[in-house]
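Asks: Before we start, here is the structure in question, set down as structure tokens.
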Amino acid sequence: MAGKIVADTLEHSTAGSIATNYVVDGTAKAWLNLNGTGTIATRDSFNVSGVTDNGTGNYTTSFTTSFNNANYSHTHTNITSSGQFGLTTNTNFSQATGSIQQRNGYWSGVSSDNGSSGDVTYFYIQEFGDLA
Amino acid sequence: MQTPSFKGTHLFDRLCWGKENLEGVQSDYRVVYEDSVDECAKILVPDPNWMACALQGGILPPVWVYHELAKDEAQPDFKKHTRGYLLHQTEPVPAMTEEEAIEYLIMKDCPQSVWTNWDSGNKPKMVICKKQQLPQTREWRNSWRISDELAA
């Protein structure tokens, strides 16, 4: 590719240096901002081929570049139409190198997950890990 | 815009080029399918950035590459992928029409048991439709099924 720089280390004049593998390994490999209401739609994303609406508050995100193994790390959060902040619970959770399925549970920040799941206006995911 | 020659370029780098240079394409197509009698119908929604790459051509790998990786992952002793190079070194597919891209996506993201014999039962297991044909509210979402009226 044009403009390619090959380097193992980045060095600042005073602040020290960092190995470029920290940059590569520490970069999010996939992310998604989804509207999970109505006929669900992706607002923006990276490295996502499609999202499957499995039912109420239950989505599967599929990746274009698969992960190397199923031990990648993910952060999923959501906001409901009433502005309620949620953490995605792992009920009905499944994870493969090419996709991840999650169900949204509500979490108010004061009380714990009330066990219900629901559609959310904003569903966010960020995935970190090694790519295949 | 012409796609650069990406032969041997890591797929992630190809997607970075697509993200930087292509406008997302919001497809109106939706794929409704049923893969279990105990579950409601599922709806596959194409990603706009992925669709832009599919229409552009020269970025995405052939769909058979994903099937090969899925076979590897299905092995009981699977720990990590050793054939990830297939994603990066296989010649990318040329530009697709939106309809061809949907067919590709079905074969990538729907269970194989659905798309290999989607029309073999009493009613279709899978339907490609426009999003306007779906219910506009999510009332009783967990009870949605493909209509029996679609049976030939």
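The values are calculated or read from the model by the stated rules, or taken from the named source; none is laboratory data. Here the structure is a predicted model, which means the values were calculated and not measured. Heads up, the Cβs are rebuilt from the backbone with ideal geometry, glycines too, and the neighbour counts pull from every protein chain shown.
Asks: Please list, ordered by first then second residue, the pairs with beta carbon atoms under 8 Å, 6 or more apart or interchain, first in region A:11-36 and more than 30 Å from A:Ser82 (Cα to Cα), second among the polar types (S, T, N, Q) and in a strand (DSSP E or B).
Replies: Note: pairs meeting the criteria are A:Glu11/A:Ser17; A:Ser17/A:Thr9; A:Ile18/A:Thr9; A:Ala19/A:Thr9; A:Thr20/A:Thr9.
Asks: With the structure loaded, tell me whether A:Asp119 is at pLDDT below 90 and within 23 Å of B:Tyr29 (Cα to Cα) or whether it fails that test.
Replies: yes
Asks: On to the next question. Taking the condition of being in a loop (DSSP other than H, G, I, E, B) and not acidic (Asp, Glu), how many residues in region B:117-136 meet it?
Replies: Within region B:117-136, residues that are in a loop (DSSP other than H, G, I, E, B) and not acidic (Asp, Glu) number 11.
Asks: Hey, A:Leu34 hits all of (1) surrounded by 14 or more Cβ atoms within 10 Å (Cβ to Cβ); (2) in a loop (DSSP other than H, G, I, E, B); (3) in contact with a Ser or Thr (Cβ under 6 Å, 6 or more places away or on another chain) but one; which does it fall short on?
Replies: Unmet for A:Leu34, out of (1) surrounded by 14 or more Cβ atoms within 10 Å (Cβ to Cβ); (2) in a loop (DSSP other than H, G, I, E, B); (3) in contact with a Ser or Thr (Cβ under 6 Å, 6 or more places away or on another chain): (2).
Asks: Something else about it: Can you name every residue in region B:64-82 that is in contact with a His (Cβ under 8 Å, 6 or more places away or on another chain) and within 7 Å of chain A (Cβ to nearest Cβ)?
Replies: Hits for region B:64-82 are B:Leu69, B:Glu73.
Asks: Further question on the same structure: Take the residues in region B:83-92 that are out of contact with any Lys or Arg (no Cβ under 9 Å at 6 or more places or on another chain), in contact (Cβ under 8 Å) with a residue 24 or more places away in the chain and within 17 Å of A:Phe63 (Cα to Cα); name whichever of them is farthest from the other protein chains (Cβ to nearest Cβ).
Replies: That would be B:Leu86.
Asks: Right, something else. Is it the case that A:Asn71 is within 9 Å of chain B (Cβ to nearest Cβ), modelled with pLDDT of 90 or more, in a loop (DSSP other than H, G, I, E, B) and over 13 Å from the mean Cα position of the chain (by Cα)?
Replies: yes
Asks: Scan region B:137-151 for residues that are in a loop (DSSP other than H, G, I, E, B) and either touching a residue at least 12 places away in the same chain (Cβ under 8 Å) or polar (S, T, N, Q) (or both) and jot them down.
Replies: We begin by selecting, within region B:137-151, every residue in a loop (DSSP other than H, G, I, E, B); these are B:137-140, B:144-147, B:151.
Matches in region B:137-151: B:Thr137, B:Trp144, B:Arg145, B:Ile146, B:Ser147, B:Ala151.
Asks: Give the residues of region B:22-34 that are surrounded by 15 or more Cβ atoms within 10 Å (Cβ to Cβ), part of a loop (DSSP other than H, G, I, E, B) and more than 9 Å from chain A (Cβ to nearest Cβ), sorted by residue number.
Replies: Listed by number, the residues that qualify are B:Leu22, B:Val25, B:Ser27, B:Glu34.
Asks: For A:Ser45, which of the numbered conditions (1) in a loop (DSSP other than H, G, I, E, B); (2) crowded, with 21+ Cβ neighbours inside 10 Å fails to hold?
Replies: Condition (1) is where A:Ser45 drops out.
The rows are residues; the columns are (1) at pLDDT below 90; (2) within 13 Å of another protein chain (Cβ to nearest Cβ); (3) closer than 14 Å to A:Trp31 by Cβ; (4) not in a loop (DSSP other than H, G, I, E, B).
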| position | (1), (2), (3), (4) |
| --- | --- |
| A:Thr61 | no, yes, yes, yes |
| A:Thr75 | yes, no, yes, yes |
| A:Ser81 | yes, yes, no, no |
| A:Arg103 | yes, yes, no, yes |
| A:Ser111 | yes, no, no, no |
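Asks: Give the residues of region B:1-15 that are surrounded by 15 or more Cβ atoms within 10 Å (Cβ to Cβ) and of a type in the set (A, V, I, L, M, F, W, C), sorted by residue number.
Replies: B:Phe6, B:Leu11, B:Phe12, B:Leu15
Asks: Listed residues A:Thr39, A:Thr65; which is in a loop (DSSP other than H, G, I, E, B), within 11 Å of another protein chain (Cβ to nearest Cβ), touching a strand residue (DSSP E or B) at 6+ places or on another chain (Cβ under 9 Å) and at pLDDT 90 or above?
Replies: On inspection, the qualifying residue turns out to be A:Thr65.
Asks: Next question, about the same structure. From B:Lys80, B:Lys19, grab the single residue that is outside any helix (DSSP H, G or I) and basic (Lys, Arg). First the steps, then the outcome.
Replies: Numbers: B:Lys19 fails: outside any helix (DSSP H, G or I).
Residue meeting the stated conditions: B:Lys80.
Asks: Quick test for you: out of B:Pro61, B:Pro46, B:Pro4, pick the one residue that is at the interface with chain A (Cβ under 7 Å from one of its Cβ atoms), in contact with a helix residue (DSSP H, G or I) (Cβ under 6 Å, 6 or more places away or on another chain) and either touching a residue at least 12 places away in the same chain (Cβ under 8 Å) or among the hydrophobic types (A, V, I, L, M, F, W, C) (or both). Working first, answer last.
Replies: Numbers: B:Pro61 fails: at the interface with chain A (Cβ under 7 Å from one of its Cβ atoms); B:Pro4 fails: in contact with a helix residue (DSSP H, G or I) (Cβ under 6 Å, 6 or more places away or on another chain).
The conditions single out B:Pro46.
Asks: Test B:Met96 against the stated conditions and say whether it is surrounded by fewer than 18 Cβ atoms within 10 Å (Cβ to Cβ) and in contact with a Phe, Trp or Tyr (Cβ under 7 Å, 6 or more places away or on another chain).
Replies: Answer is no for this residue.
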